[in-house]
1. Take the residues in region 523-532 that are in contact with an Asp or Glu (Cβ under 9 Å, 6 or more places away or on another chain) and in a helix (DSSP H, G or I), then tell me which one is nearest to Trp140 (Cα to Cα).
2. Would you please name the residue that is surrounded by the most Cβ atoms within 10 Å (Cβ to Cβ), looking only at residues in region 423-442 that are within 16 Å of Lys466 (Cβ to Cβ) and of a type in the set (Asp, Glu)?
3. Taking the stated definitions as given, is Val84 closer than 13 Å to Val206 by Cα and either in the same structural domain as Gly55 (by TED's automatic domain parsing) or surrounded by fewer than 23 Cβ atoms within 10 Å (Cβ to Cβ) (or both)?
4. Quick one: what pairs do we get from region 173-192, first residue free of Cβ contacts under 8 Å to residues at least 12 places away in the same chain, second of a type outside the set (Phe, Trp, Tyr), C-beta under 6 Å, 6+ apart or different chains?
5. Search region 443-457 for residues being in contact with a Lys or Arg (Cβ under 9 Å, 6 or more places away or on another chain) and assigned to a helix (DSSP H, G or I), and hand back the single one that is nearest to Gly491 (Cα to Cα).
6. Residues of region 522-552 being under 31 Å from the mean Cα position of the chain (by Cα) and without any contact (Cβ under 8 Å) to a residue 12 or more places away in the chain, which ones?
7. Given the condition surrounded by 21 or more Cβ atoms within 10 Å (Cβ to Cβ), over 28 Å from Ile498 (Cα atoms) and modelled with pLDDT under 85, answer yes or no: does some residue in region 257-267 qualify?
Amino acid sequence: MGFFSKLFGSHTDHELKKIYPIVDKIEALEPQMQVLSDAELRAKTAEFRNRYDNGEDLDSMLPEAFAAVREAAWRVLGMKPFRVQLIGGIVLHQGRIAEMKTGEGKTLVAVMPAYLNAITGNGVHIVTVNDYLARRDSEWMGKVHRFMGLDVGLIVHGLTNEERKAAYAADITYGTNNEMGFDYLRDNMAIYKESRVQRGHAFAIVDEVDSILIDEARTPLIISGQGDESTDLYRQANDFVAGLKKKVYASTDSKEEEDESIDADYVVDEKARTATLTARGIAKAERAFGLENYADIENSTLTHHINQALRAHGIMKRDIDYVVKDGEVLIVDEFTGRIMLGRRYSEGLHQAIEAKEHVDVQRENKTLATITFQNYFRLYDKLSGMTGTAVTEAEEFESIYKLDIVEIPTNKPVARIDQPDVVYKTEAGKDRAIIEQIIACHEKGQPVLVGTISIEKSEYLSKLLKARGIKHNVLNAKHHEKEAEIVAQAGKLGAVTIATNMAGRGTDIMLGGNAEYLAKNDLRKAGFSEEVIADATGYADTDNEEILKARALYAEKLKEHKAVCDEEAEKVKAAGFPDLHLNGVLFGLGGILSQAVAALGLNSTTSYVWIHHNILPDFPATRYEKAASQYMNSVRNGGGSNGLENGAAGIPVPYHLNISMGWDSSPRCGNVTPGEWLRRRDYPFGAVIVDNTPYLFKKYLAEAKAWTLAKPESERIVVINSWNEWGEGSYLEPDTENGMGYLEAVRDVFGSQQANGTGTAGERTVKN
């Protein structure tokens, strides 16, 4: 935050001040909404529509409408939007971007502005990044809207024209950016007005708005028709390229392909993503196809096909850029990791890949209609969005879409721990470390989600886990049909899930498992259709006996699964470190301090530094090894007179050893006479611990580790005193005398691998 922001407040601060009074009004209406019956609460929708038709604007109805749908969410889902979620909903209604941290419940936030704007009857579009999320949210949040008497539609791949038209006619329509964009193109190609499915673009709420409006903004949506060109040439070009020798460069700054001495037929530039024939390769092409000059304009069609075959073999990688499924080449979205159904590479590249993979080669297409996401979403009268990462693209949002960003505060302080990056020298070393970390967490019962960059990588890690006998699930574009099931079980005790980035957007993993999904699965096993299940898990009034029967079974199974999942969720929490852990730093641990520990509710205690305060210094100072050994002996013996008093056994909570670097308390301790100052000029004010080395530090780290490993797993903590106060001798940083010695000591004792560096910690000896 800059100086002026600190002085005058940020843009967000100013906007939140305007929004808080509106939130106060919403919360003040809660008692009024609580006393309404379900029917009276549902009747509010008709009341709001009547008021709108009579000229009242949405802004004036906002507090009451938000309060009504908030109460509905509580009755239907057992979820009442928090104050910060109300703020997010107001921001969305205002046609802005709400930046909300991961886990703040953006899906629920969208319900309130969607409901309010649906009052107009013009339709609200809630746009997500994939079919799975669109379907999930339409079923989940759709319960609230249906409870309030609104129609909810869903736009996903594979719908008929009539189904799409009905979905867009609904008050609120969930769908993906791809499907909605293609529907717009098809509508513009329609011959008859009645064939169009969309009815306008009034208001859109875009989830993961930075991904859709920035990352994929210039991605063209293309509707194409079949061309007339034969596919035989693609197979011929593929057969030729398949027999060539390639050489891969990270980057080709010079013209390597023109070097006649190079031992390759074509070169690949990984950075530029190009593949080019060398002089040797061109000569082979001329012989293979009977050409006098490969570069002649009359050979342009052949050279085009060969170039695309080179790209297919040299650049496009199976299970990374695309997958082959049921005899069809399917593109994998680089942003989401999901299959892009109905999409094909242009300019013959898709045909070249089909020839490479020996599946049916489709005829090349010609473009009939195209639009970018950027241009499509600018069609909406009002546009808003949600994401956890928008501020970095604030300038682009403003210049392209006229959207400003409001950062929404979190409901509770952020508890997530962002660990530093770990860098490995080799890929194999990194993979081994990943597997060992997975196994360590799995053995404790902690659920593990492993994110990978590609399908290939996810399946490689899966292979390594299989070799170690670890049961796990793989979530990638190849297994996308099992996504709901895998996600539903990913939070169970000891679950291990390997996923591509398709699990990185909008995926909620519930600790202990998803009781709702399991209950729905029971309905499927009982033979109920998806339509009946949708009605059975909703709240619409019905006298249909089949729905009522399914609803009763669902309630019974949900109760059973919830009890099991809740119990397992507690086990999952216990396997990790879910709560705030209070550790008291004390100088003495017996007597009255033990009572204080109990009264304060501390989870554990430790020492400030070595317990040396009752040790008489050896002039001019106490040697490190004496202080350390007396401390360790005191702990091992259950106490004594040297600081621990009644010992670790005398306190009501676990005691964690404190391994200190040293101690120079000269500025701190005292009550000495001027005469003593003269006698102890170097350290006039008190005890000092000197003569430490990385070797001795490592020695006592190892002793502490051995002592700690004998304790219960939950108490296996060693505290390393590293205030980084150089004036006190308490630091854990590189220095000119010992280099990385102290840090290497910590790594050697507590790290998973021994040091392969200088070995300073192990080689240094005690100074005389």
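1. Of everything passing the filter in region 523-532, Val532 is nearest to Trp140 (Cα to Cα).
2. Asp431
3. no
4. Asp187/Arg196; Asp187/Gln198; Ala190/Arg196
5. Ile455
6. Across region 522-552, the qualifying residues are Arg524, Glu530.
7. Yes, some residue in region 257-267 is surrounded by 21 or more Cβ atoms within 10 Å (Cβ to Cβ), over 28 Å from Ile498 (Cα atoms) and modelled with pLDDT under 85.
Conditions tested, residue by residue: (1) among the small types (Gly, Ala, Ser); (2) within 26 Å of Val206 (Cβ to Cβ).
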position	(1), (2)
Val324	no, no
Gly342	yes, yes
Leu349	no, no
Ile353	no, no
Asp381	no, yes
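The values are calculated or read from the model by the stated rules, or taken from the named source; none is laboratory data. Model, not experiment: these values are computed from the prediction. Quick reminder, even Gly has a Cβ in these numbers, built from the backbone with ideal geometry, and neighbours come from all protein chains shown.
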